Each structure stands twice: as C-alpha cells, then as structure tokens.
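Student: Could you have a look at this structure, given as structure tokens, before my questions?
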Amino acid sequence: MPNKDAADIPLEFNKTEQEPANIFPQKLLDSEYKPSPALHEYAMEANRRINDFFQYLVTGNTTDQSKSYIGHWVLENNNSEKKGSGESSEGHEWGAGYACDILSQKNQLFYSCAGADSYLYFSESGNVYIKPQWYYGIIKQIKIINNYMYLYVLQGDKWILDPVHENGAYGYVKYGSVNITIP
C-alpha cells in the first residue's frame, strides 16, 4: 500500500475559468426534492452551463494513462480499514459510495458507483470529470494522489473534497484491474 498522508490532500482548489461558475450541489438536489419556482429556474440555468462545459470534453480517451483508472476502487484509510461495508450501493448523498468501478465500455471509460454512473470526461489540460446520472447537476473531478483516488465536487467556484473522504482520512484504493469490457 502506498503511504498516504492526509496533509498532502488538498481539501479544495479553485475552478478554472473554463469550468462552470456558481454551481451549488445542495441547491440542485433541493430543486428536485423540495421544488420551488426559484430553485427550478436556478437548476435549469446551472444545468445549461454544465452541459455547455461538458460538450467540449472528450469521453473516448483510452490512453495508457487513462487506462490506469480502470479497476475496482474501495474507500479506506491509511490503516487499510475500509469505510462502510465496501458495497457501492452505500455512501454519501452526492453520489460517492464506499466502493466504485471504472470499466471500459466501447473505448470509453465508465464510472459506476452507488447508482451515480457516468462516463469519464477528459479535458485538454488532463483533468478528469464525471457527471453522475441521478444527481441532477452535480459534477465531480477525479484526482489520483499518491495512488489513491479522490473525488472533488464543484461547489460555487471551488472544487471541494467530497465529504465521503472525511477531510482526506479516506481515499479510494484500487483492488486490481477489472477486466470487464462492455461491448
């Protein structure tokens, strides 16, 4: 196991100019579960900006570097203690489970976790994003740090470490490559 120091894990960082601004995940969830005209209007505008951003990203990236994402990932701490039961059906309300899989599907990489499935989207600068279905407007960025995978959620104009990581105490550890290729 690689040595992971939570102090090395950024808890947040600024979004780039190209990434959509003023995206608030809880507000987007509230627009679905506690609807109001104002929340609906916000969600429609936020999703337009998100979709505009994603149209410039690439899903067909199967380079050697991107293939390193393929595998079964389990959330655990520095003592190899797994968080939760390790089942992908459990986790945080923003679509991060205690385990997830990244698979190859028709020369594209596919993220599957707690029903928050998404293709992996790649920017020209090398950033990797997911747009989980069933989580209206919530977008995430994937970072590999010290061989651990971390999910960041776009919150306002910053990327924040997904709460499932408990401020960096837990990271996703890859347990082998999943050789499942979906035709």
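Coordinate-derived values only; no laboratory data. Source: prediction; values computed, not measured. For neighbour counting, all protein chains shown are included, and Cβ atoms are generated from backbone atoms with ideal geometry for every residue, glycine included.
Student: Fully extended, how many nm does the chain gain between N78 and N146 (0.36 nm per residue separation, minus their Cα-Cα distance)?
Tutor: Details: separation 68, 0.36 × 68 = 24.48 nm, distance 1.16 nm.
Net length gain for the segment: 23.3 nm.
Student: Multiply the residue gap between F13 and V58 by 0.36 nm, knock off their C-alpha separation, and tell me the result in nm, one decimal place. Working shown, then result.
Tutor: On the way: separation 45, 0.36 × 45 = 16.20 nm, distance 2.26 nm.
Difference between extended and current length: 13.9 nm.
Student: For the stretch 93-162, what is the convex hull volume of its Cα atoms per residue in Å³?
Tutor: Working: hull volume 7.5 nm³, N = 70.
Enclosed volume per residue, from the Cα hull, is 107 Å³.
Student: Tally Lys/Arg at +1 and Asp/Glu at -1 over every other residue whose Cβ is under 12 Å from the Cβ of H40; what's the total? Let's see the in-between values first.
Tutor: Details: positive: K27, K34; negative: D30, E32, E41, E45.
Result for the local shell: -2.
Student: Next up: Over the stretch 96-136, how many percent of alpha carbon pairs lie in each 5 Å bin up to the one with the longest distance?
Tutor: It works out to 6, 24, 28, 26, 13, 3, in whole percents.
Student: Got a sec to turn the phi values of the stretch 30-41 into Karplus ³J(HN,Hα) couplings, 6.51 cos²θ - 1.76 cosθ + 1.60 with θ = phi - 60°, whole Hz, x for Gly and Pro?
Tutor: Going residue by residue, I get 4, 5, 8, 9, 9, x, 8, x, 5, 5, 4, 5 Hz, with x marking Gly and Pro.
Student: Check cross-link reach from K143 to the lysines: straight Cα distance under 20 Å, and skip same-chain residues fewer than eight apart.
Tutor: K4, K15, K67, K82, K83, K131, K158, K174
Student: If packing is taken as the mean number of other Cβ atoms within 10 Å per residue, what is the order of 68-75, 24-31, highest first? If you can, show how the numbers build up before the last one.
Tutor: On the way: 68-75: 20.9, 24-31: 18.0.
Top to bottom by mean Cβ count within 10 Å: 68-75, 24-31.
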